[in-house]
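To keep things clear, I will list the structure first and then write my remarks on it.
The values are calculated or read from the model by the stated rules, or taken from the named source; none is laboratory data. Everything numeric in this text was worked out from a predicted model, so none of it was measured. Virtual Cβ from ideal backbone geometry, glycine too; neighbours counted across all protein chains shown. Note: areas computed on protein heavy atoms with side chains; ligands, DNA, RNA excluded. Shrake-Rupley method; radii C 1.70, N 1.55, O 1.52, S 1.80 Å.
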Amino acid sequence: MEITTQHILPVSPDTYWETLYCDRAFIEALYTEGLGGDALTITSWQHPDDGAYSRTLSFNPKMNAPAPVKKVLGGTFRCEERGRFDPEQRRWTFQYISGAVASKITIHGHQTTRPHPEGCEVSSTLNVTVAIFGVGRLVEKTIASQFEADMRAQAAFIRRWLGRQ
């Protein structure tokens, strides 16, 4: 299953990538305050001089899920995010690895920006495949729905964050 969201933000694409997305304080606040996750751990943060950067973090995401999905994913769903920004393509690619059933769930995607008269348009695409008999499609729909909610929450958080600056 693939899902794409778009949001208009009041910043330039350069500011989005260079000031927000590569700022550790912003990322920590985004995952905990903005997205409602907890137990955030950043295990890798690399920012070479060429403009590329990557990070690996793990957290317990806020998950609104029906009972069958919660049963499959376990009581506390923990995931690891591995992401990398390519400065030439202006593209963030990411992969989520779930702690519960990592061998049966594949989640990856990308995020891009483009100029917009009000700042920039952020386009986020998620691809999710769940190979669990009987509930795979329900888990996919739940993860896709949560992604949409998270992208709305991320856009709202960015607007609040920019208002603090």
Legend entry - Tally, over the stretch 29-50, of residues that are open to solvent by less than 60 Å² (accessible area, probe 1.4 Å) and either out of contact with any strand residue (DSSP E or B) (no Cβ under 6 Å at 6 or more places or on another chain) or at positive phi (or both): 6
Legend entry - Boolean, residue 156 is among the aliphatic types (A, V, I, L, M), within 14 Å of residue 7 (Cβ to Cβ) and open to solvent by 20 Å² or more (accessible area, probe 1.4 Å): yes
Legend entry - Top-ranked residue in the stretch 107-152 [being of a type in the set (S, T, N, Q) and farther than 23 Å from residue 64 by Cβ; ranked as farthest from the chain's Cα centre (by Cα)]: 113
Legend entry - Selected residue (criterion: most open to solvent (accessible area, probe 1.4 Å)) from residues of the stretch 11-24 that are part of a helix (DSSP H, G or I) and under 15 Å from residue 56 (Cα atoms): 24
Inset, instruction - Collect the residues in the stretch 78-101 that are of a type in the set (Ser, Thr, Tyr) and touching a helix residue (DSSP H, G or I) at 6+ places or on another chain (Cβ under 8 Å), keeping them in residue-number order. - result: 98
Inset, instruction - Of all residues in the stretch 126-150, count the ones that are open to solvent by less than 20 Å² (accessible area, probe 1.4 Å) and either aliphatic (A, V, I, L, M) or on the phi > 0 side of the Ramachandran plot (or both). - result: 6
Inset, instruction - For the stretch 81-104, enumerate the residues that are without any contact (Cβ under 8 Å) to a residue 24 or more places away in the chain and in a strand (DSSP E or B). - result: 91, 93, 94, 95, 96, 97
Legend entry - Hits in the stretch 59-80 (condition: free of Cβ contacts under 8 Å to residues at least 40 places away in the same chain, buried (at least 17 other Cβ atoms within 10 Å of the Cβ) and within 12 Å of the chain's Cα centre (by Cα)): 59, 79
Inset, instruction - State yes or no: is residue 55 part of a strand (DSSP E or B), charged (D, E, K, R), in contact with a Phe, Trp or Tyr (Cβ under 9 Å, 6 or more places away or on another chain) and open to solvent by less than 40 Å² (accessible area, probe 1.4 Å)? - result: yes
Inset, instruction - Inspect all residues belonging to the stretch 26-40 and state whether any of them is farther than 24 Å from residue 143 by Cβ and among the small types (Gly, Ala, Ser). - result: no
Inset, instruction - Output the number of the condition that residue 148 fails; it satisfies all remaining conditions of (1) modelled with pLDDT of 95 or more; (2) more than 17 Å from residue 37 (Cα to Cα). - result: (2)
Inset, instruction - Go through the stretch 81-103 and give me each residue that's over 16 Å from residue 42 (Cβ atoms), modelled with pLDDT under 95 and either among the aliphatic types (A, V, I, L, M) or open to solvent by 60 Å² or more (accessible area, probe 1.4 Å) (or both). - result: 88, 89, 99, 100, 101, 102, 103
